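Visitor: Quick one: structure below, then a few questions.
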Amino acid sequence: PSCFGYPLSIFFIIINEFCERFSYYGMRAVLVLYFKYFLQWDDNLSTAIYHTFVALCYLTPILGALIADSWLGKFKTIVSLSIVYTIGQAVMSVSSINDLTDHNQDGSPDNVSVHIALSMTGLILIALGTGGIKPCVSAFGGDQFEDDQEKQRTRFFSIFYLSINAGSLLSTIITPILRAQECGIHSKQRCYPLAFGVPAALMAVSLVVFIIGSGMYKKVKPQGNIMIQVSKCIGFAIKNRFRHRSKEFPKREHWLDWASEKYDKRLIAQTKAVLKVLFLYIPLPMFWALFDQQGSRWTLQATTMDGNFGSIQIQPDQMQTVNPILIIIMVPVVDAVVYPLIKKCKINFTPLRKITVGMFLASLAFVAAALVQVQIDKTLPVFPAAGQTQIKVINIGTDGATVQFESPLQSVNVMSMESTGYMTFDTSRLQSVNIISGNKTTSEVITLPGGSRHTLAVKNSANIVAKWLFDNVTSKPEEGNNLVRFINNLPDTINITMGDTAFETLMSFSASNYNLFPGGRKDNIMAIINSIPCSVTSKTLGFGSAYTIVINGCTGNTLDVTYSEDISPNTVHMAWQIPQYFILTCAEVVFSVTGLEFSYSQAPSNMKAVLQAGWLLTVAVGNIIVLIVAGASKLSEQWAEYVLFAALLLAVCIIFAVMAYFYTYTDPNEIEAQFDEEEKKQVKKDEDVYEKQTEAVSRM
């Protein structure tokens, strides 16, 4: 059955691919934040495991191709590995339910190792699944066409690529929204089970759709794996060359010619062509090392930025959607506008030049990322080192106050209802403090622990009251959340609620603990004073801030509050990430699309599987490079790491340009035709010999 001149089975395959990519990219989008906030790993471990997973996903396709070509055939491979994949996604979803081990119901898992074990199992199954299917699905789609449908087949591959990007685009938008929801049985949490569960459901849909189409597919029997033959041929050539290493054996033109005793000339010629391309692949992993950090380092960078786009709040993991959106726009634009323009300028933009330009652009993108990082670093608070103490003063009285810290003398003036920033002291030299306010003076001896922050609240009433608050915040709030605490500046005991969060009962002139609130919101602050409710809407607290809010009184049911900023909110806007995404997407368009096209044009058609494997291998190696570089470089500054990656890629880019300069383009079809011609001649020769023999026989 056909539809618009395409085999009907194609539509099942495209829907299957869409669901599979949705499932994969959706899960991958929230993965690094799941590691960081749910499993509580630090940035470096999260990045490392993320890239290990991606590397695995690109190593397993070689396994998938082997299974399909030598054993199960493509159809059965896709079905059986999809089942593994669906199980993996489901396990992943279960691993993120905190109520699984949260017995004391405090909202964080009690037994994190159970969650780690489950999620690692899930990730391994997913890597097996996605990797195993990857090489089979597109080839299986190609198998559905007859030989005379060349035009439809090419169109199929571009629709196929589009469905990949549509799937990844939608899931990168939707999954982070699901993650940002609050859900949970006993305590409200970021909704990771939903963020992983929807991809799992779609994977199941993808599997069902694929099986429904079963009757329509053209299923080609497995024909043995070309990779195995190529490897054997190379192995034999090396062995044979080694056996004949002494001088008396004549040299051969190419080391692969040593395989000619056992393998036919055609296979040897094809293998030479493949190796010539694979040699050019050696520098390519460096590109992927940078490219795949969008999901790790760049997403972590976005968590320290301001995601307020007017009416919408962007989640840090949603910034990755810039890439598929731009891809969908850029691929047609580059093909229809940019390349023709370059051609008009009489520049011969060969595939290898395109790849070189792609590498250069990716390196630029990381320079852009480093510049953004430098801006972010300027806004980050400096926390005290081990032997230091930081103190800020809030004056909540009606008179101005002067606070003097002893040894060496340092004094600050604080007006009524104002506060200072944090001042840093050497813990060992900080001994006493004098407070002068109005016409009163008081002094006290202080012993504060090192490496900590404290707030001194001062008030001049009947006498000077000074209260020390311990600020137990040692890092900027994560995920753009805000921390808020209250000081009760009233003579009465009060109860405070902000949004849905109730604070502990506050005695007169005491402070609450910090509580966490989602970023970018205004919340209603409600205080009950002598059983009379009194409320006010807070100001917008931004992202990643910490505030102390002082409650001063109530006039006509409206609370009178003052804000003291303990940690300033994120000020660098997420939109500043767009330039680096844009440059990197341009790099991807000229690099990725060209790379595969070039590979196919330079190698015989039956060798495409080998090249596909080689290409995916470069992605895997690229992710392993991230592990090595990020692990080996003990760079404490994130911007320096970005610059390091940019420099490495630039160096590799120059090496590649040199390699490309010495590369000669070949046309595999001509080589094939030559062999066909030779075979014909050989057949003719054999026929002639045979005729002569029969003539001789008949004469006898």
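Visitor: I need the per residue convex hull volume for the stretch 462-583, using only the alpha carbons, in cubic angstrom as a whole number.
Guide: Spread over its residues, the Cα hull of the stretch 462-583 gives 114 Å³ apiece.
Visitor: Now for a separate question. Kirkwood hydrodynamic radius of the stretch 163-308 from all distinct Cα pairs, in Å?
Guide: 21.6
Visitor: Out of the total accessible area of the stretch 54-110 (probe 1.4 Å, heavy atoms of protein only), what percent is carbon and sulfur?
Guide: 69
Visitor: Just to confirm a number: summing +1 for Lys and Arg and -1 for Asp and Glu over residues other than N570 whose beta-carbon lies under 10 angstrom from that of N570, what do you get?
Guide: Local net charge: 0.
Visitor: Going Cα to Cα from K251, which aspartates and glutamates come in below 20 Å? Please leave out same-chain ones fewer than 8 positions away.
Guide: The reachable aspartates and glutamates, counting only those whose Cα sits under 20 Å from K251, are E261, D264.
Visitor: For the stretch 466-526, what does the convex hull of the Cα positions come to per residue, in cubic angstrom?
Guide: Dividing the Cα hull volume of the stretch 466-526 by its residues yields 89 Å³.
Visitor: At a Cα cut-off below 20 Å, give the lysines reachable from K354, other chains included and same-chain residues fewer than 8 away excluded.
Guide: K276, K343, K344, K346
Visitor: Along the charge dipole of the chain, Cβ charges K/R +1 and D/E -1, which of S96, Q638, T501 sits furthest on the positive end?
Guide: Q638
Visitor: Against the longest principal axis of the chain, how steep is helix 73-95, in degrees 0 to 90 to the nearest 10, with axes from Cα atoms?
Guide: Orientation of helix 73-95: about 10 degrees from the principal axis.
Visitor: Still on this model: What is the Cα centroid distance between the stretch 142-162 and the stretch 396-454, reported in whole angstrom?
Guide: Comparing the Cα centres of the stretch 142-162 and the stretch 396-454, I get a distance of 76 Å.
Visitor: For the chain, which cysteines have no second Cys with its Cβ under 4.7 Å from theirs?
Guide: C3, C19, C57, C136, C233, C345, C586, C653
Visitor: Follow-up question, since we're still on this one. Calculate the length of the line joining the C-alpha centroid of the stretch 500-572 to that of the stretch 8-61, in whole Å.
Guide: Result: 40 Å between the Cα centres.
Visitor: Rounded to the nearest 0.05, what FRET efficiency is calculated for K219 and S70 with R0 set to 22 Å and r the Cβ-Cβ distance?
Guide: Approximately 0.90, to the nearest 0.05.
Visitor: If I model a spin label at T501 and L45 as a point 7 Å from the Cα along the Cα→Cβ vector, what separation in nanometres do I get?
Guide: The two pseudo-label positions are separated by 2.5 nm.
Visitor: Quick one: length gained pulling M120 to D688 fully straight, 0.36 nm per residue minus the C-alpha distance?
Guide: Difference between extended and current length: 197.8 nm.
Visitor: Which pairs in the list K440/K467; K36/K134; K239/K265; K74/K218 are over 20 Å apart, alpha-carbon to alpha-carbon?
Guide: K36/K134
Visitor: Shifting gears a bit: Could you work out Rg/(2.2 N^0.38 Å) for the chain, with Rg from alpha carbons only?
Guide: 1.26
Visitor: For E418, what accessible area in Å² do you get when you roll a 1.4 Å probe over the heavy atoms of the protein chains, rounding to the nearest 10?
Guide: 100
Visitor: How much length is gained if the chain between I312 and F242 is pulled fully straight, taking 0.36 nm per residue apart and subtracting their Cα-Cα distance, in nm to one decimal?
Guide: My answer for the length gained is 18.5 nm.
Visitor: Looking at the chain, identify the longest residue range that excludes and avoids all trypsin sites (Lys or Arg not before Pro) in DSSP loops having at most 10 other Cβ atoms within 10 Å.
Guide: With a cap of 10 other Cβ atoms within 10 Å, the longest stretch comes to 347-633.
Visitor: Still on this structure, I have one more. May I ask for the angle, rounded to the nearest 10°, between helix 668-699 and the longest principal axis of the chain, with both axes built from Cα atoms and the value confined to 0 to 90°?
Guide: 20
Visitor: Which value results when the Cα radius of gyration for the stretch 571-629 is divided by 2.2 N^0.38 Å?
Guide: Relative to the rule-of-thumb radius for its length, the stretch 571-629 sits at 1.54.
Visitor: Leaving out same-chain residues fewer than 8 places away, which lysines sit with a Cα under 22 Å from that of K378?
Guide: K392, K476, K634
Visitor: How many nm is it between the label spots at W468 and D99, if each spot is 7 Å from the Cα in line with the beta carbon?
Guide: That separation, rounded to one decimal, is 4.4 nm.
Visitor: Using Cα centres only, tell me the gap between the stretch 277-353 and the stretch 640-700 in whole Å.
Guide: Using only Cα atoms, the two centres lie 34 Å from each other.
Visitor: While we're on this one: When the accessible area of the stretch 396-517 is computed with all protein chains present and a 1.4 Å probe, what percentage of it is carbon and sulfur?
Guide: 47
Visitor: For the stretch 580-700, what is the accessible area per residue in Å², given a 1.4 Å probe and the full set of protein chains?
Guide: 57
Visitor: I'd like the accessible area for E641, computed on protein heavy atoms only with a 1.4 Å probe and all protein chains in place. Round to 10 Å², please.
Guide: The accessible area comes out at roughly 10 Å².
Visitor: Compute the Rg/Rh shape ratio of the stretch 382-471: radius of gyration over Kirkwood radius, all on alpha-carbon atoms.
Guide: Here Rg/Rh amounts to 0.95.
Visitor: If W468, W288, W576, W255 are ordered by their accessible area, calculated over protein heavy atoms with a 1.4 Å probe, which sequence runs from highest to lowest?
Guide: Descending accessible area places them as W576, W255, W468, W288.
Visitor: Right, here's the next one. For the Cα atoms of the chain, what angle does the longest principal axis make with the long axis of helix 638-661, in degrees from 0 to 90, nearest 10?
Guide: Orientation of helix 638-661: about 20 degrees from the principal axis.
Visitor: Quote to one decimal, in nm, the extra length available between S187 and R252 on full extension: 0.36 nm per residue of separation minus the C-alpha distance between them.
Guide: Taking S187 through R252 to full extension adds about 16.0 nm, to one decimal.
Visitor: For the stretch 564-644, which whole percent of the accessible surface, found with a 1.4 angstrom probe, sits on carbon and sulfur atoms?
Guide: 70
Visitor: Let me ask something else about it. Helix-only mean residue ellipticity at 222 nm, the chain, DSSP H runs n ≥ 4 weighted -39,500 (n - 2.57), per residue, nearest 500. What is it?
Guide: My calculation for the chain gives -17500 deg cm²/dmol from helical runs alone.
Visitor: While we're looking at this one, here's another question. What distance in nm separates the two pseudo spin-label positions at D106 and K343, each 7 Å out from Cα along the beta-carbon direction?
Guide: Rounded to a tenth, the inter-label distance reads 6.7 nm.
Visitor: If you don't mind, another one. Strictly greater than 27 Å: what percent of every Cα pair in the stretch 9-224 meets that?
Guide: Result: 34 percent of Cα pairs exceed 27 Å.
The values are calculated or read from the model by the stated rules, or taken from the named source; none is laboratory data. Predicted model, so just to flag it, every value in this text is computed and none were measured. Because the Cβ atoms are built from the backbone with ideal geometry, glycine has one as well, and the counts that use them run over all protein chains shown. In case anyone asks, the SASA skips ligands and DNA or RNA and just uses the protein heavy atoms, side chains included. Shrake-Rupley method; radii C 1.70, N 1.55, O 1.52, S 1.80 Å.
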